[in-house]
Amino acid sequence: MTFGLLLLFEHQNDFQDTLEKQLNLIKLFDKVIDRVWVTEHHYNPLRANSAPLMILNHIAKYTNKDLGIATLLLGLYDPVYTAESISVLSNLINRKLYIGTAKGGRSEVKNSHLNLTEELARKYLLSNLKIIQPLLKNESVIFNTKAFTLSPKINNPIEFSIASLNEELIKYAALQNMPLLAGHKWSIEKIKNMILTYEKYHAQNKKPSIILSRMFCPTTNKKEVIESIKENMTKQRKIVSAFNKNHEPKILDEKIFDESLIDTKEEIQNKLAFFKSLGVTHIILRPIEHQLNSNDIEISLGIKK
């Protein structure tokens, strides 16, 4: 099982300061990760990550790790232009690229100027994937009666995964033998149901390879850290709601805190063993910055004895 670092670009009113904080996190986690991940969010004043492909191109100058997006909201894009952008990024960074895909959160879909519904966003995500994936394998594709082939060609591997609890999208992932990506607010119960759906549709009834995102903070005071997270979430919801009148915050499942990697170093290692038994091959760490230091990070992840 390998580890990655999730950069949320939580905005501090100064983009350069926000960027510097993200680059410092990459340095802090350098010894334990093999991938750096960014997210995509829109209509949110607290997240400066609406253009993840551009962000990855910038980050590539500061790390030699593989790069990923968790997740790219493909239902919002033109498939051919998006494939071209991914192709250029792949050639610029010259390393493996991981792209998790999703339809987008309820508020992102509802507020989109594209007048989407959640059903339409899923439909466009799926149809766009069917165009983008073969293009990024350097195949010719017919789209709107015209043939397209990418230039520049792809020279480094690109791995797609799907982040969805929707049966149709999980079925597509199973038929394509694609990994599944599970967010840090998804409960273990939901993930187990996702696995069962994948097995049902896979040709060999195979379990999925799972990329799992989890909040991470080695601590001996779990309760204090969790209370701090909840207080911060409450403040953030008020700010986002004031900025965006149509914002629809998710109802938080309290299980996510117990199922997170916010715990003692020993308990974190026990949870990692459990995640591995589920089929998790890569864990994206979403750091909670309470007294984080490289020594505790390495020990809790079993990198350092």
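How large are Rg and Dmax for the stretch 194-256 when only the alpha carbon atoms are used, in Å?
Cα radius of gyration and Dmax of the stretch 194-256 are 17.9, 49 Å respectively.
Work out the length of the dipole vector of the stretch 1-121 about its Cα centre, built from +1 on the beta-carbon of each Lys and Arg and -1 on the beta-carbon of each Asp and Glu, and round it to the nearest 20 debye.
340 debye
Suppose all protein chains stay in the model; what accessible area per residue would a 1.4 Å probe give for the chain, in Å²?
I get 49 Å² per residue for this part.
How large is ³J(HN,Hα) for each residue in the stretch 294-301, as worked out from phi by the Karplus curve 6.51 cos²θ - 1.76 cosθ + 1.60 (θ = phi - 60°), to whole Hz, x for Gly and Pro?
4, 5, 5, 4, 5, 5, 5, 8
Using the Karplus curve 6.51 cos²θ - 1.76 cosθ + 1.60 with θ = phi - 60°, what ³J(HN,Hα) values do you get for each residue of the stretch 21-30, in whole Hz, with x for Gly and Pro?
My calculation for the stretch 21-30 gives 5, 5, 5, 5, 5, 4, 5, 4, 9, 3 Hz in order.
Can you tell which of I188, P152, I99 lies farthest toward the positive end of the dipole of the chain, using +1 and -1 charges on the Cβ of basic and acidic side chains (Lys, Arg; Asp, Glu)?
P152
From largest accessible area down, sort M194, M54; use a 1.4 Å probe on the protein chains.
Accessible-area ranking of M194, M54, largest first: M54, M194.
How tilted is helix 118-135 with respect to the longest principal axis of the chain? Cα atoms for both, answer in degrees (0 to 90, nearest 10).
Roughly 70 degrees between the two axes.
If the viscosity is 1.306 mPa s and the temperature 10 °C, what Stokes-Einstein diffusion coefficient in µm²/s follows for the stretch 219-293 when Rh is the Kirkwood radius over Cα pairs?
The Stokes-Einstein estimate is 110 µm²/s.
Along the charge dipole of the stretch 11-73, pointing to its positive end and built from +1/-1 on Cβ of Lys, Arg, Asp and Glu, which listed residue (L67, I55, Y43) has its Cα farthest out?
Among L67, I55, Y43, the one farthest towards the positive end of the dipole of the stretch 11-73 is L67.
Provide the solvent-accessible area of H11, counting protein heavy atoms only and rolling a 1.4 Å probe, rounded to the nearest 10 Å².
Result for H11: roughly 60 Å² accessible.
What is the distance in Å between the Cα centres of the stretch 31-58 and the stretch 137-176?
Cα centres, the stretch 31-58 to the stretch 137-176: 21 Å.
Report relative contact order for the stretch 165-305 in percent, whole number only (criteria: Cα-Cα under 8 Å, sequence separation at least 6).
For the stretch 165-305, the relative contact order is 30 percent.
How big is the shadow of the Cα convex hull of the stretch 1-129, averaged over all directions, in nm²?
8.3 nm²
Taking a cut-off of 23 Å between Cα atoms, list the lysines near K304, but don't count ones fewer than 8 places away on the same chain.
Here the lysines satisfying the reach criterion relative to K304 are K27, K31, K65, K222, K265, K271, K276.
In whole percent, how big is the carbon plus sulfur part of the accessible area of the chain, probe 1.4 Å, protein atoms only?
Ligands and nucleic acids excluded, carbon and sulfur give 49 percent.
Would you compute, from DSSP H runs of 4+ residues alone, the mean residue ellipticity of the chain at 222 nm, taking -39500 (n - 2.57) per run and dividing by the full residue count, rounded to the nearest 500?
Value at 222 nm, helices only, nearest 500: -13500 deg cm²/dmol.
What shape does the stretch 85-200 have by the C-alpha gyration tensor, where a ≥ b ≥ c are the square roots of the eigenvalues, rounded means a/c under 1.5, and otherwise prolate means a/b greater than b/c and oblate the rest?
prolate
Which of the three applies to the chain, rounded, prolate or oblate, going by the alpha-carbon gyration tensor with a ≥ b ≥ c and a/c under 1.5 meaning rounded?
Rounded is the answer for the chain, as its axis ratio a/c remains below 1.5.
Charges at C-beta only: +1 for Lys and Arg, -1 for Asp and Glu. How large is the resulting dipole of the chain about its Cα centre, in Debye rounded to 20?
460 debye
Determine the relative contact order of the stretch 1-128: mean sequence separation of Cα pairs under 8 Å and six or more apart, normalised by residue count, in whole percent.
Worked out over the stretch 1-128, it gives 22 percent.
Compare L72, L175, L261 in a GNM of the chain, Cα atoms joined below 10 Å, and give the one with the largest fluctuation.
L175
With a ≥ b ≥ c the root eigenvalues of the C-alpha gyration tensor of the stretch 160-305, is it rounded (a/c under 1.5), prolate (a/b larger than b/c) or oblate?
Cα axes put the stretch 160-305 in the oblate bin.
Work out the length of the dipole vector of the stretch 54-138 about its Cα centre, built from +1 on the beta-carbon of each Lys and Arg and -1 on the beta-carbon of each Asp and Glu, and round it to the nearest 20 debye.
Charge dipole, the stretch 54-138, about its Cα centre: 220 debye, nearest 20.
Considering only T2, T82, L25, whose Cα is most displaced toward the positive end of the charge dipole of the stretch 1-92, charges sitting on Cβ of Lys, Arg (+1) and Asp, Glu (-1)?
T2
The values are calculated or read from the model by the stated rules, or taken from the named source; none is laboratory data. The model shown is predicted, which means the values in this text are computed figures rather than measured ones. Please note: Cβ atoms are built from the backbone with ideal geometry, for glycine as well, and neighbour counts cover all protein chains shown. The area values use the complete protein model at the heavy-atom level, side chains included, leaving out ligands, DNA and RNA. Shrake-Rupley method; radii C 1.70, N 1.55, O 1.52, S 1.80 Å.
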